[in-house]
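*Asks:* Structure below; questions to follow.
The values are calculated or read from the model by the stated rules, or taken from the named source; none is laboratory data. The model shown is predicted, which means the values in this text are computed figures rather than measured ones. Methodologically, a virtual Cβ is constructed for each residue, glycine included, from the backbone with ideal geometry; neighbour enumeration extends over all protein chains shown. Heads up: the accessible areas ignore ligands, DNA and RNA and are worked out on the full protein's heavy atoms, side chains in. Shrake-Rupley method; radii C 1.70, N 1.55, O 1.52, S 1.80 Å.
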Amino acid sequence: MSEEVQSPADLIDLLASATGLEAVELRKLRDQAGSTGQSFDRVLLTRGLEENQVLSAFGRELELEFIPEFESVKVPKIFVDNVPLSFARAHDMIAVDLQDGELVVACAHPLDIHPQDDVLAMLPLPVRFALAPRTEITELINRAFRHRADGVDDALDDLEDSDIAGLAAEIEESEDLLDVANKAPIIKLVNSVLFQALKLRASDVHFQPYQDRMQVRFRIDGILYDMESIPKVAQDAITSRIKVMGKMDIAERRMPQDGRASIRIGDGEVDVRISVVPTAEGERCVLRLLDKTARTYDLDHIGLDEENLKTLTHYINYPHGIILVTGPTGSGKTTTLYGSLSRISTGEKNILTIEDPVEYQLDGISQVQVNTKKGLTFSAGLRSFLRQDPDVMMVGEIRDLETAEIAIRAAITGHLVFSTVHTNDAPSTVTRLIDLGLESYLVSSSLVLVIAQRLVRTICTSCRTQVEPDEQQRATLRAVGIEHDMLPEGKMAHSPGCEECFHSGYQGRTAIYELLPMIEELRELVMREVSATELKRAAVATGMRTLRQDGTNKVLAGITSPEEVMRVTQLDMV
């Protein structure tokens, strides 16, 4: 394989054909890879080229199958048993099939030969390699290793008894609860909860005190689930341990406190944002888990259909203007913004962001964190950005008139600005800006696109079946605008629930979108300061699909359920 890599004349031609780049430019990138020690494929991706196109070209040159997406793929158990989670994540590899005694292992980096040799040594079966996008591999890795504590043992400090009640019993024997916060049992107890949460893809962990116990709850796919109950006697020790993690004052029990921590799983790192609030039953702790290794920001995998993706891609490549994303907290706005910035992040653009807080580090983008105590607000940061020769700026949220005015000024003077606003739908975002005090002609001339979004849970693929809807299901379908004759073959997707999805019928989430491009007809209405309702009617008349209509399409495609669409779009009325 190495000889083919050294003389890639055919590969250069294939890449030129696939990506549209000139062969001369590709040869320069190949030489750059050789001089920096990076592999050619990684250099191409940092240049901003489409991953699928690059991998497809490498697949043809190296005679490796290219798998663009994994649908209903079950990872062979032999891979999970023999390859550590940390290795699979670090090198983006996962087995996707077992055919005639041969494992098919998908990888995202075709020229990383040493990890491929390591996998061959780890597995007791013959291996055939294939290529697949990193986002697909990451998602499959998380699914495959979910029920296994592999890669966690080191971080759990040789935990022998992972039973939480048993660990709490050890604490009961101690006299000084504050002192025990720094001893092994309590550390193991908290760690075991956190790692269990990570395996189950939880975004938040709640330690909620009751009169007789402390209840652990996980938020998975936006829904809270009760998990273990911890004896009341261990409550103060657990709270103290969490405060120690977040570098808080363990003696202060009457005031709310916030902190941050970082934990490792194998080669991966997880940021933990911690909030402690005093309640009548004791202190309540909520930990937000930000798993840096599990997240990839790719516009192709966040729920945009072909038409919406084409629209968004068109506008994020504008030289100037404002693009706003709107939706409630936890609706995926940051993911859409990061995906957009990653898509346009090339060496040719200077991209700056100011966020509260910076959730994930993006390669090639300068990210600044708000610090109100030191006077670094959204407006102050945005003002200073204008002196940094930016091409693209992102401000975490437009909360006040001052921030809005600076963003508008930046857009009018030739910068592309991304931000978020809290409104119910795309049209009401426009009226919200005017309500803040902006002149309607400024909003009309600077705004280029508004994106409203919500997250819906996706139907579990492990237990999904196609069923003929009964009367109750037909009524629910009608509520979101679907008649029986609109269903493919008269059947709808339904999941009764299984162990993989906690018997909920759902696993994972996707977004539904409402994209409002500011075309000339709508700009005139904005200038006249019409109501949000009138603006929405006009937008729908010119072809805008509402949140509910996008959700309806995802129900018909078998991605989500009508109940989910109704849950998140109650206010979406034309």
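*Asks:* How long are the three semi-axes of the equivalent ellipsoid of the chain, in whole Å, if each is the root of 5 times an eigenvalue of the C-alpha gyration tensor, listed from largest down?
*Replies:* They are 37, 34, 28 Å, listed from largest to smallest.
*Asks:* Which semi-axis lengths, in whole Å and largest first, follow from the square roots of five times the eigenvalues of the Cα gyration tensor of region 302-408?
*Replies:* 22, 16, 14
*Asks:* Which of Lys74/Lys188; Lys310/Lys349; Lys188/Lys333 have a Cα-Cα distance over 23 Å?
*Replies:* Lys74/Lys188; Lys188/Lys333
*Asks:* Using the Karplus equation 6.51 cos²θ - 1.76 cosθ + 1.60 (θ = phi - 60°), what ³J(HN,Hα) coupling, rounded to whole Hz, does each residue of region 297-312 give in order, writing x for Gly and Pro?
*Replies:* 10, 9, 4, 6, 10, 10, x, 6, 7, 4, 5, 5, 4, 4, 5, 4
*Asks:* Output the peptides 251-258, 372-379, 547-554 sorted from most to least packed, where packing is the average of other Cβ atoms within 10 Å over each peptide's residues.
*Replies:* 547-554, 372-379, 251-258
*Asks:* Also: Report the residues of region 443-464 in range of a label on Met486: point 7 Å along Cα→C-beta, backbone N strictly under 19 Å from it.
*Replies:* Under cut-off, by backbone N: 454, 456-457, 459.
*Asks:* What number, in percent, do you get for the relative contact order of the chain if the mean sequence gap of Cα pairs under 8 Å and at least 6 apart is divided by its residue count?
*Replies:* Averaging sequence separation for qualifying contacts and normalising by length gives 9 percent for the chain.
*Asks:* Suppose every K and R has +1 on its Cβ and every D and E has -1 on its Cβ; what is the size of the dipole of region 254-409 about the Cα centre, in Debye to the nearest 20?
*Replies:* I would put it at about 540 debye.
*Asks:* What accessible area per residue, rounded to a whole number of Å², is obtained for the chain using a probe radius of 1.4 Å?
*Replies:* 45 Å²
*Asks:* Would you mind checking region 302-330 for residues with the amide N under 19 Å from a putative spin-label position 7 Å along Cα→C-beta of Asn350?
*Replies:* Only 318-321 fall inside the zone, counting backbone N under 19 Å.
*Asks:* Quick one: length gained pulling Ile78 to Ser504 fully straight, 0.36 nm per residue minus the C-alpha distance?
*Replies:* Length gained between Ile78 and Ser504: 150.6 nm.
*Asks:* Compute all pairwise cysteine Cβ distances in the chain, then list the cysteines with no distance under 4.7 Å to another cysteine.
*Replies:* Cys107, Cys285
*Asks:* List the residues of region 428-454 whose backbone N lies under 16 Å from a point placed 7 Å from the Cα of Ala557 along the Cα-to-Cβ direction.
*Replies:* Of the residues in region 428-454, 453-454 have backbone N under 16 Å from the label point off Ala557.
*Asks:* Report the Cα centroid-to-centroid distance between region 327-349 and region 228-284 in angstrom, as an integer.
*Replies:* 30 Å
*Asks:* Related question: How far is the Cα center of region 359-391 from the Cα center of region 45-91, in Å?
*Replies:* Each part's Cα centre sits 35 Å from the other's.
*Asks:* In terms of Cα to Cα distance under 17 Å, which lysines are near enough to Lys554, apart from those fewer than 8 places away along the same chain?
*Replies:* Output for Lys554: Lys491.
*Asks:* Measure off, as a whole percent, the carbon and sulfur share of the 1.4 Å-probe accessible area of the chain, all protein chains present.
*Replies:* Its accessible area is 47 percent carbon and sulfur atoms.
*Asks:* Note down the nm distance, to one decimal, between modelled labels 7 Å out along Cα→Cβ at Glu25 and at His314.
*Replies:* Result for the modelled spin labels: 2.3 nm.
*Asks:* Also, I was wondering about something else. What number does region 450-507 give for Rg over Rh if you use C-alpha atoms and the Kirkwood radius?
*Replies:* In region 450-507, Rg relative to Rh is 1.04.
*Asks:* Let me ask you something else. If the chain between Glu521 and Asp300 were fully stretched, how many nm would it gain, using 0.36 nm times the residue separation less the Cα-Cα distance?
*Replies:* Gain on stretching Glu521 to Asp300: 76.6 nm.
*Asks:* Please list, or write none, the lysines whose alpha carbon is within less than 25 Å of the alpha carbon of Lys373, excluding same-chain residues fewer than 8 places away.
*Replies:* Those lysines meeting the cut-off are Lys243, Lys247.
*Asks:* Another one. Highest first, please rank the peptides 534-544, 518-528, 463-473 by the mean number of other Cβ atoms sitting within 10 Å of their residues.
*Replies:* The densest-packed peptide leads the list: 534-544, 518-528, 463-473.
*Asks:* Then there is this: Over the Cα atoms of region 300-351, Rg to Rh with Kirkwood Rh, two decimal places?
*Replies:* Taking Rh as the inverse mean 1/r over Cα pairs, Rg/Rh reads 0.95.
*Asks:* Turning to a different aspect of this structure: Taking 0.36 nm per intervening residue step and subtracting the Cα-Cα distance, what contour gain separates Leu120 from Leu386 on full extension?
*Replies:* Stretched fully, the Leu120-Leu386 segment lengthens by 90.5 nm.
*Asks:* Next up: State to the nearest 20 debye the size of the charge dipole of region 218-339 about its Cα centre, where the only charges are +1 on K and R beta carbons and -1 on D and E beta carbons.
*Replies:* Charge dipole of region 218-339: 560 debye, to the nearest 20.
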